[in-house]
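Peer 1: Quick one: the structure is below, questions incoming.
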Amino acid sequence: MQIGVNVPNFAPGTDPEVLRQWAQTVEGLGFDLLMVSDHIAVTPDVAEQYPAPFYEPFTTLSWLAGVTRRVRLGTTVLIVPYRHPLLTARMAANLNRLSGGRLVLGVGVGWAQQEFEALGVPFRQRGALTNEYLGAMCDAWRNTDDYDTGAIPIWVGGNSDAGMRRAVRLGDAWHPLRFTPGWLATAAGRLKATADELGRPVPALAPRIALRETREPITDPDRLAGVGTIEQIIADIDQIRLLGAETVLLDPFNGDLTEIRQPERAWQTLAAVAAHHKSQEDR
């Protein structure tokens, strides 16, 4: 199983140098994947959780491709209805080509109604638009003379049944976000049942979990996977590995904006996870 990191690309304290340090830390620790989030218009509903400045993902990843060499680069998740599908197809293909085939396109339908309104995109049609646009993007990429790219993995986000069905129909992997430790085992069974129902292959598992280390164990039954002592975090990752996940993405942003300015604590936790992961690979 590969391990990736969701790098904060928003909020005061984020700037090009901090993003560079994040990228070089993630790659230097041996992680396999670096992903960033997506918003275009920082409307009040967005700003409440992800305040400005917000670095647009394609621009940011293109720049980070130039300061890294090995780590894969991706979106968690690109809001598909925000952009014309041919524009997204073009930018994704160019980024994949320029980075040496390192792009992973995590996608989702979005949630910020005010942002949809600011962009002139109908909020209630976001699911149907996502399905339509993903199909158009895949059709465009088949013209390899024009788009000049190899395969771009599509990870479909969304913990709902609709997201799961979209992943089975249109994705290479299902990318659920933030859940309790026992939830994924049950959800993986539902994913297989959905794939069997639709007569499709079961997409790979590529979940995103929280990453927040505490001094004392968290005993709350609603504890999110990835939150707790380093032993609890590692146990959560090992459980996901045993479920056959292809990749797990660690998200160090837990709503505390002061941590954006002080990433060193997250880097220490990531170093401990990386050391454990390396020991697992060496066995």
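Peer 1: With a cut-off of 8 Å between alpha carbons and a minimum separation of six or more residues, what is the relative contact order of segment 159-283 in percent?
Peer 2: The value is 23 percent.
Peer 1: Quick one: Cα centre-to-centre distance for segment 185-218 and segment 236-262, in angstrom?
Peer 2: The two parts, judged by their Cα centres, are 13 Å apart.
Peer 1: Separate question: Just the Kirkwood number for segment 153-203, please: inverse of mean 1/r across all distinct Cα pairs, in Å, one decimal.
Peer 2: About 10.7 Å, per the Kirkwood formula over Cα pairs.
Peer 1: Which of the GluC sites (Glu not before Pro) found in segment 5-51 are in a DSSP loop and have at most 14 neighbouring Cβ atoms, other than their own, within 10 Å?
Peer 2: Qualifying residues, ordered by number: Glu48.
Peer 1: Per residue of the chain, what 222 nm ellipticity follows from adding -39500 (n - 2.57) for every DSSP H run with n ≥ 4, rounded to the nearest 500?
Peer 2: Here the helix-only value at 222 nm equals -14000 deg cm²/dmol.
Peer 1: Report the residue, chosen from Ala193, Ala204, Ala92, that carries the largest GNM mean-square fluctuation when the chain is represented by alpha-carbon nodes joined by springs under 10 Å.
Peer 2: Ala193
Peer 1: Now, a different point. Considering only the other residues whose Cβ falls under 13 Å of the Cβ of Thr59, what net charge follows from Lys and Arg at +1 and Asp and Glu at -1?
Peer 2: -1
Peer 1: How much net charge surrounds Phe123 when only the other residues with a Cβ under 15 Å from the Cβ of Phe123 are counted, with Lys and Arg +1 and Asp and Glu -1? All intermediate terms of the calculation are to be shown ahead of the outcome.
Peer 2: Details: positive: Arg124, Arg126; negative: Asp45, Glu115, Glu117.
Net charge around Phe123: -1.
Peer 1: Hey, got the dipole for segment 1-136? About the Cα centre, +1 on K and R Cβ, -1 on D and E Cβ, debye to the nearest 20? Could you put the intermediate results ahead of the total?
Peer 2: On the way: 10 positive and 11 negative charges, 119 e Å.
Computed charge dipole of segment 1-136: roughly 580 debye.
Peer 1: To the nearest 20 debye, what charge dipole does the chain have about its Cα centre, counting +1 at the Cβ of each Lys and Arg and -1 at the Cβ of each Asp and Glu? Kindly include the intermediate steps, with their values, before the conclusion.
Peer 2: Working: 27 positive and 33 negative charges, 107 e Å.
In total the dipole reaches around 520 debye.
Peer 1: With every protein chain kept in the model, how would you rank Arg208, Arg200, Arg261, Arg178 by accessible area, 1.4 Å probe, largest at the top?
Peer 2: Arg261, Arg200, Arg178, Arg208
Peer 1: Could you look at the chain and say what percent of its accessible area is carbon and sulfur, using a 1.4 Å probe and all protein chains?
Peer 2: Details: 6430 of 12660 Å².
Its accessible area is 51 percent carbon and sulfur atoms.
Peer 1: Mind computing the radius of gyration and Dmax over the alpha-carbon atoms of the chain? Å is fine for both.
Peer 2: My reading of the Cα-based Rg and Dmax gives 18.1, 56 Å.
Peer 1: Shifting gears a bit: Please name whichever of Gly108, Leu119, Ile209 sits farthest to the positive end of the charge dipole of the chain, dipole taken about the Cα centre and charges placed at Cβ: Lys and Arg +1, Asp and Glu -1.
Peer 2: It is Gly108, whose Cα lies furthest towards the positive end.
Peer 1: Over all directions, average the projected area of the Cα convex hull of segment 1-129 and note it in nm².
Peer 2: Values: hull surface 31.9 nm².
Taking the Cα atoms of segment 1-129, their convex hull projects to 8.0 nm² on average.
Peer 1: Tally Lys/Arg at +1 and Asp/Glu at -1 over every other residue whose Cβ is under 12 Å from the Cβ of Leu243; what's the total?
Peer 2: Details: positive: Lys192, Arg241; negative: Asp236, Asp238, Glu246.
Overall, the nearby charge balance is -1.
Peer 1: Can you give me the solvent accessible area of Leu249 with a 1.4 Å probe, rounded to the nearest 10 Å²?
Peer 2: Accessible area, nearest 10 Å²: 0 Å².
Peer 1: Here's something else I'd like to know. Rounded to the nearest angstrom and ordered from largest down, what semi-axes does the equivalent ellipsoid of segment 134-241 get from its C-alpha gyration tensor (root of 5λ)?
Peer 2: Details: eigenvalues 212, 57, 19 Å².
Over the Cα atoms of segment 134-241, the semi-axes work out to 33, 17, 10 Å.
Peer 1: Quick one: which residues, 5 or more positions from Gln2 or on another chain, have an amide H under 5 Å from its amide H? H modelled 1.01 Å from N in the peptide plane, none for Pro or chain starts.
Peer 2: Amide H neighbours of Gln2, under 5 Å, 5+ apart: Thr247, Val248.
Peer 1: From largest accessible area down, sort Val104, Val121; use a 1.4 Å probe on the protein chains.
Peer 2: Order by accessible area, largest first: Val121, Val104.
Peer 1: Hey, another quick one. How would you classify segment 12-58 from its alpha-carbon gyration tensor, with a ≥ b ≥ c the square roots of the eigenvalues: rounded for a/c under 1.5, else prolate if a/b is greater than b/c, otherwise oblate?
Peer 2: Prolate is the answer for segment 12-58, as a/c is 1.5 or above and a/b outweighs b/c.
Peer 1: Using only the alpha-carbon atoms of segment 95-179 as identical scatterers, what base-10 log of I(q)/I(0) does the Debye formula give at q = 0.17, 0.22, 0.23, 0.26 Å⁻¹?
Peer 2: -0.80, -1.11, -1.15, -1.24
The values are calculated or read from the model by the stated rules, or taken from the named source; none is laboratory data. The structure presented is a predicted model; accordingly, all values stated were derived computationally and were not measured. Here the Cβ is made from the backbone with ideal geometry for all residues, glycine too, and neighbour counts use every protein chain on show. Quick note on the areas: whole protein, heavy atoms, side chains included, nothing else; ligands and nucleic acids left out. Shrake-Rupley method; radii C 1.70, N 1.55, O 1.52, S 1.80 Å.
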